[in-house]
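Okay, structure first, notes after.
The values are calculated or read from the model by the stated rules, or taken from the named source; none is laboratory data. Just so we're clear, the structure is a prediction, and the values are computed from it rather than from any experiment. A quick note on method: Cβ atoms are made from the backbone with ideal geometry, for glycine too, and the neighbour counts reach across all protein chains shown.
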Amino acid sequence: MIPQASLAAALAEKRSDRRIEVLRHIQACGSISEAARRVGISYKAAWQALDTLSNLAGVALVQRSVGGKGGGGAQLTADALLLLEAADAMGHAREQLHVQLEQARQRPPPADSQARTGAGISVATTLARLQVMTSMRNQWPCVVAQLSRSGPLVRVQLQGAEVGAQFVLHSHITDESAQLLGLRQGLPVLAMCKATAVTVQPAAAAACEAAPSANGWRGTVTRATRGGAVQELAVRLTSGVQLVGFSREASSLRARSAVQVTVEPSAVVVALSGE
């Protein structure tokens, strides 16, 4: 059996559905290539899904026999069958929880509590975002604005959701990842990057703007560390979005300093969470 921790890892993200669907169709048709066709992704993307799930679970999920016009046969292991059973149970539990949370949001509060009727947030969406636990301190709810394919890569243009609706950034991911995520225009996503991938410069010293291939924004320092060759900075962008980055400039930046922020698109991770 899959250890409990590994099973949780393989199902940690709500939107692992496309990867799980690859397993479902392999179970139904006994072929990885046919499963890829039914899910609507490439054969290579299907293998990426299987590799990812196997790595997360810590065990092999598919037994493959070589040969045949369709790329050979494939059969799920007992661990994969258990994973599918757990995925079904979790999906049903999520649906029930979503209904309960939305009913609670609309329910009149007790007289001695803070009013919540008509609250603007989606509780289920917010909780789903909180479940994405990572070392990346910069996390921004966004929607997919545009997708541009160039060979094996996809340039994803993202627009900030909720706070910071004027926030625009780009991410470069592989075509297989875009397929497995099911990216499409208007899809809610979570954009993330490590603080170490964010470069902060004094605005006056940034004589040349960020390279066309990079994300570049103007902002104001809200918090700054002191001392050392590398300085950690919290920045509020003109769009209202906040982020954390580092400056390697000789001059020390302070709160309220005007700055230029840049992030390479290859450092921006796109994750699915929410409804």
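Descriptive notes on the structure:
- First in the stretch 17-34 and not assigned by TED's automatic domain parsing to the domain that holds Leu180, second anywhere and surrounded by fewer than 18 Cβ atoms within 10 Å (Cβ to Cβ) and among the β-branched types (Val, Ile, Thr), Cβ under 8 Å, 6 or more apart: Arg19/Thr52
- Yes/no for Leu253 being at pLDDT below 90 and in a strand (DSSP E or B): no
- Checking Gln96, Gln63 one by one, the residue that is more than 26 Å from the chain's Cα centre (by Cα), modelled with pLDDT of 70 or more and not aliphatic (A, V, I, L, M) is Gln63 and no other.
- Pair list, Cβ < 7 Å and 6+ apart or interchain, from the stretch 229-256 residues that are at positive phi to residues that are surrounded by 12 or more Cβ atoms within 10 Å (Cβ to Cβ) and not charged (D, E, K, R): Gly240/Val163; Gly240/Gly164; Arg256/Thr220; Arg256/Val221
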